[in-house]
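Undergrad: Take a look at the following structure, please.
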Amino acid sequence: MYCFTSTNMKRQLLFSLLFLFSFSTFPQTTIITHGYAAGTSDPIHTWMLDMANAIVKRAGSGVVRIYNKTTGNFDYVSGSGTRTVLLFDWWSDSNDFHKGFSEAAGDALFAALMKGKLQSNFNLDDLHFIGHSRGCVVNSEAVERLLVAGFPVEQVTYLDAHDWGEGSITLTDYDVNPDSINSGVEGWSGIKWADSYWQNALFSTDGRAVEGTYSVYKGTITHDSIHGWYYRTIWDTTYHEGYYYSLVGGASASRPPRTGLQRPTFFNFSTDGIVNGNFQRGSAILQAEPGWWYHGGDGDAYITNSYLVLSYGSSYRVHNRFYIPPGVNAITFNYKIHTSDNSGSIPDIDKMNVLVNGDTVVKNIWMDQQMSSWGQISFDVTKYQNTVDTMEFSLVDKLGGSSNISSEVWVDSVRFEMSTTSGPSFEINSLKCNIFPNPVYNKAIISYELKGDEFVNAGIYNIQGKLVVCLANNIRQSKGAHKFNFDGSVLNSGLYIYRMNAGKNLLESKMVILK
């Protein structure tokens, strides 16, 4: 029998205090997202709130907040401290099985997280995402955007991931582009650790294993029993599975390895930053348009033939709240006057305006002449960088209303214009590097210095913003000098961008390769 001496007892007590201190000071933010919610159900104030309270209790402190679709904020519910548990509500849109609403909800979640960070309501450190069913799609999309924007993600937990619409045979909602089954939930390579748990009970919505995660089959315990099981692993500390492997759970140092392909992110702010900006999803029969409804979006203009139609009775459309990162200089869109206003002459005719956050940024696009081909307009948004915004296209009559509109205009291809020397990041500072030689004729050394211990991502990008060489994928490096040995012979001659982020700091530098 082992006996504790007084010295041993002091050492044991000191170790316990240090252990508890190490898991009580980090300001983790946890995000919980539900899946399909029927009209009479309330996942937010039932199992999600129970799970949030269990996390706060296990952690010892924390604030619980619930997403407000009207404002885009996470409203305070209870608690105190540096930890936060956020409950994301996409109840209404989860009932809509048309294509694109899960992806649009993921983008809205990303915007709400950025807004909360900018307002100092909570931090984005040590993020842990927990999603159930189609909520896994929402979280996966939000996580992908965070990774591309330079924010590290500590953990992603998928509970019975389901990304092909409601029911095992309903294929009307593939959730994300490209339109293929099982494309909605990914074990992204930038996540520090990811786990997934799934079942396939008879007469129950099936989940699936997620590649690139630590994946566990839970048998036939039914779809909703998965989040019930995970909840028990939170409040019952005797469970050495599930939440046990989180930072708060205490066993993050002994996490099992992830298996399967960890897919690189393919989201790009320049093409995907404005969800459904090409109007590929939605139709004239839908009142709600993906990306343009539920999360700040509004309006009566409709989508037909993959463009937006503004005319009498359908005169405006507002996009959901979205984040404009540093590096976005302008927003560009195509337009075509299908039917001109022949009731008078400028200024006594219809016109189209574009508004950002209610402020007119493009005014008086006069409907004076029918157009045989598409035109293009770009407007400056540099003053909106690093903000969360809405955007409206509005067709008005000569009195500024909509009752006497006699024209029709089409809008298409709404997208960001990015700077080639500045990419999306919350902070662009504190990093310095040296590329020698530059131009690169064959091999080069990229040297840099870290001011503290950080997780580092680094790669070479072409001028279209596509990653062509990965140099570091979320590797932890200590304070001090480091270097990459880069072989330029693998790339064609041309201009490239070296991009590196360490924590929340981003560095970008031009690189020329000559052969």
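Throughout, read-outs are computed from the coordinates displayed, never taken from laboratory work. Given the structure is predicted, the values throughout are model-derived calculations rather than measurements. Cβ placement follows ideal geometry from the backbone for every residue including glycine, while neighbour counts extend to all protein chains displayed.
Undergrad: Can you give the % of DSSP beta bridges in the chain that are antiparallel, to the nearest 5?
TA: Approximately 75 percent, going by the DSSP bridge assignments.
Undergrad: Using only alpha-carbon positions, what ratio does the radius of gyration of region 112-151 give when scaled by 2.2 N^0.38 Å?
TA: Compactness ratio reported: 1.20.
Undergrad: How long are the semi-axes of the equivalent ellipsoid of region 269-418, taking √(5λ) for every eigenvalue λ of the Cα gyration tensor, in whole Å from largest down?
TA: 24, 17, 14
Undergrad: Asp359 to Met371: extension gain in nm, 0.36 nm per residue of separation minus the Cα-Cα distance?
TA: 1.6 nm
Undergrad: Say R0 is 25 Å: what FRET efficiency, to the nearest 0.05, do Tyr239 and Ile475 get from their beta-carbon distance?
TA: 0.20
Undergrad: Describe numerically, in nm with one decimal, the distance between label points set 7 Å from Cα along Cα→Cβ at Leu467 and at Glu449.
TA: 2.8 nm
Undergrad: Among the lysines, which fall within straight-line cross-link reach of Lys117, defined as a Cα-Cα distance under 18 Å, with same-chain neighbours fewer than 8 residues apart omitted?
TA: Result set, ordered by chain and number: Lys69, Lys504.
Undergrad: Write down the Å³ per residue value for the convex hull defined by the alpha carbon atoms of region 433-513.
TA: Convex hull of Cα atoms, per residue: 78 Å³.
Undergrad: Please work out how much length the chain gains when fully extended from Leu118 to Lys336, using 0.36 nm per residue of separation minus the C-alpha to C-alpha distance, in nm with one decimal.
TA: 74.8 nm
Undergrad: Further question on the same structure: Can you work out ³J(HN,Hα) from phi for every residue in region 79-95, in order, using Karplus 6.51 cos²θ - 1.76 cosθ + 1.60 and θ = phi - 60°, giving whole Hz and x for Gly and Pro?
TA: Karplus values, whole Hz, x for Gly and Pro: x, 7, x, 8, 7, 9, 10, 10, 9, 9, 9, 10, 3, 4, 6, 5, 7.
Undergrad: For the chain, what does -39500 (n - 2.57) per DSSP helix run (n ≥ 4), summed and divided by total residues, give at 222 nm, in deg cm²/dmol to the nearest 500?
TA: -5000 deg cm²/dmol
Undergrad: If I take all pairs of Cα atoms in the chain, what percentage of them are more than 33 Å from each other?
TA: Cα-Cα pairs of the chain separated by over 33 Å account for 45 percent.
Undergrad: Relative contact order of the chain: what whole-number percent is it, with Cα pairs under 8 angstrom and at least 6 residues apart?
TA: It rounds to 11 percent for the chain.
Undergrad: Same structure again: Any chance you could check the Cα centroid distance between region 192-232 and region 88-130 for me, in angstrom?
TA: Rounded to whole Å, the Cα centres lie 22 Å apart.
Undergrad: Which ³J(HN,Hα) values in Hz, rounded to whole numbers, follow from the phi angles of region 192-202 under the Karplus curve 6.51 cos²θ - 1.76 cosθ + 1.60, where θ = phi - 60° and Gly and Pro get x?
TA: In residue order, the calculated couplings are 5, 8, 9, 9, 9, 9, 8, 8, 8, 5, 5 Hz.
Undergrad: With an 8 Å Cα cut-off and a minimum separation of 6 or more residues, compute the relative contact order for region 269-418 in percent.
TA: Contact order relative to length: 34 percent.
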